[in-house]
Amino acid sequence: MQTQTSFDNGGRKAALDVLAGAPARALAELWDGWADKPEHSKVRGPEVGLVMVRGRAGGGGVPFNLGEATVSRTSVRIVTGEAGHGYCLGRDLAKAEVIAVIDALWQRDAASVEAGIIEPLRRLAAAVDGKRLEETAATRVDFFTMVRGDN
Amino acid sequence: MYVAVKGGEAAISNAHALLADRRRGDRNVPALRLDQIVEQLGLAVDRAMGEGSLYDKELAALALLQARGDLIEAIFLVRAYRTTLPRFGYSRPVDTGAMLIERRISATFKDLPGGQMLGPTFDYTHRLLDPNIVGDEVPQPVIRAAEPERAPRVTDMLGQQGLMEPDGDTDPEGEVGDLTREPLDFPLDRDLRLQALARGDEGFLLALGYSTQRGYGRSHPFVGEIRIGEVEVEFDVPELGFAVSLGRIRVTECQMVNQFKGSAKVPPQFTRGYGLVFGQAERKAMAMSLVDRALRARELGEDIVAPAQDEEFVISHSDNVQATGFVEHLKLPHYVDFQAELDLIRRMRAEHEAKEALE
């Protein structure tokens, strides 16, 4: 039972991670194309607030407060009863609301949401990150040793 | 002391209208859009976010536009804005070891696992003004297949050999100080110092870092590693009962490695200074790490002989919003103060002249 719960959380977390990181426009386009959007009511928000971002001294030592970031959040309930929560960096209330509705939908029908929304966003993110990594890789320094001429 | 003075309302209102006009400038020149500022003045945006202590590129761009490019004014605007928003909570500490790296260099190790990547750097440019960039089309950057190689933090590599001071234990019960919630009470722990330095003025920290290099609290620094890139911000969402990513932010991290001859308790090893800043802000991260190391003098049993080692001096003066507030308040009406001073000087002069007349 415990394993089942944590497995579910893992999948739900992974989906929420992808949604929060998705470009707003790409997410909006996918959601526009979603056939039956459930009726939903807002339980909280949407609202903008701050999260204090932390780092660690030396990268792995004592935590410290680096500075704040703007965050949008919304909680919704869809007609079938599932509650969904949307969080993302920035001041984009519409994005937070779409995430919350998708989170609620995911709990009802994870397979469809994964196939129709999460997977395409994951592929998009992989392509964008991959391109950036390749651009960075082109600036990698290839050291070679100069042989000292003795004659 | 200030005294309420009536009058000047029309002057102030007209001055602000004039400010708006001058900010806009020649109407024949197209107005700047925020996305242009975000995309093309990115490092100014990063500095406004870092010292404004608020990660939001669009807000920082708006602040820069409204401040006519005055960075400290923009930082002031960003700081003022953040006070209007509720705090949802604290993130989990970002993991810079898992960064999506855009630049990574080390001045101490040539051959690093994960490699040295120059990224979008000003280094090795000739610093010649180039009129051709104005309105110029720029070709796409060169790409090369990326090797899926992990890039461990350089300090962790030497740490495994015991030659490098470890990151230090973290007390899971320990409260993390937050200077936006509690007034500073000296002496500080390192968490509060790092928070203050992360939002501190780049110019001030640069000068202090430079002073340590010139011998005022010398610490023999080497850049162990600088890395720039994006990290996930994970947040424990109470209604979910687990942490989710809120998205990624770009940060710059600097690991400064410093000589240390050891003490009675500790064998000779390298010590470290740490810099972590929002955005791409390499100079600031380097300066921060130099000053962080200098401010560890008390902890490492070093003599405190230089300004950069004086915690109360450094941290009390590193915030440019506080500094500008106190310096710039001098231009507000001080008529009554000054009148009192004037009276005093006149009385002293009268006494002085009376004494001279007697002699």
Could you tell me which of the residues B:Val237, B:Val223, B:Val176 is in contact with an Asp or Glu (Cβ under 6 Å, 6 or more places away or on another chain), of a type in the set (A, V, I, L, M, F, W, C) and either closer than 21 Å to B:Gln280 by Cα or within 13 Å of another protein chain (Cβ to nearest Cβ) (or both)? B:Val176
Do we have any residue at all in the range B:42-50 that's more than 13 Å from chain A (Cβ to nearest Cβ), farther than 30 Å from B:Val154 by Cβ and among the aliphatic types (A, V, I, L, M)? no
Every residue in the range B:167-191 that is among the aliphatic types (A, V, I, L, M) and touching a residue at least 24 places away in the same chain (Cβ under 8 Å), please. B:Val176, B:Leu184, B:Leu188
Can you tell me which residue in the range B:239-284 is surrounded by the fewest Cβ atoms within 10 Å (Cβ to Cβ), limited to those that are in a strand (DSSP E or B) and of a type in the set (Gly, Ala, Ser)? B:Ala243
Residue check, B:Asp111 within 13 Å of another protein chain (Cβ to nearest Cβ) and in a loop (DSSP other than H, G, I, E, B): yes
Within the bounds of the range B:22-30, is there any residue that is part of a helix (DSSP H, G or I) and closer than 22 Å to B:Ala198 by Cβ? no
Does B:Val94 fit the bill of being of a type in the set (Val, Ile, Thr) and over 30 Å from B:Pro333 (Cα atoms)? yes
Under 20 Å from the mean Cα position of the chain (by Cα), part of a helix (DSSP H, G or I) and either acidic (Asp, Glu) or closer than 26 Å to B:Glu39 by Cβ (or both): is that true of B:Ala207 in this structure? no
Can you tell me which residue within the range B:114-152, out of those that are in contact with a helix residue (DSSP H, G or I) (Cβ under 7 Å, 6 or more places away or on another chain), modelled with pLDDT of 90 or more and part of a loop (DSSP other than H, G, I, E, B), is farthest from A:Phe143 (Cα to Cα)? B:Pro141
Residues to consider are B:Ala308, B:Ala297; find the one that is touching a helix residue (DSSP H, G or I) at 6+ places or on another chain (Cβ under 9 Å) and assigned to a helix (DSSP H, G or I). B:Ala308
Residue check: is A:Val141 without any contact (Cβ under 8 Å) to a residue 12 or more places away in the chain, at the interface with another protein chain (Cβ under 9 Å from one of its Cβ atoms) and surrounded by fewer than 16 Cβ atoms within 10 Å (Cβ to Cβ)? yes
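The values are calculated or read from the model by the stated rules, or taken from the named source; none is laboratory data. Note that the structure is a prediction, hence the values are computed from the model and not measured. FYI the Cβ positions are ideal-geometry reconstructions off the backbone, even for glycines, and counts take in every protein chain you see.
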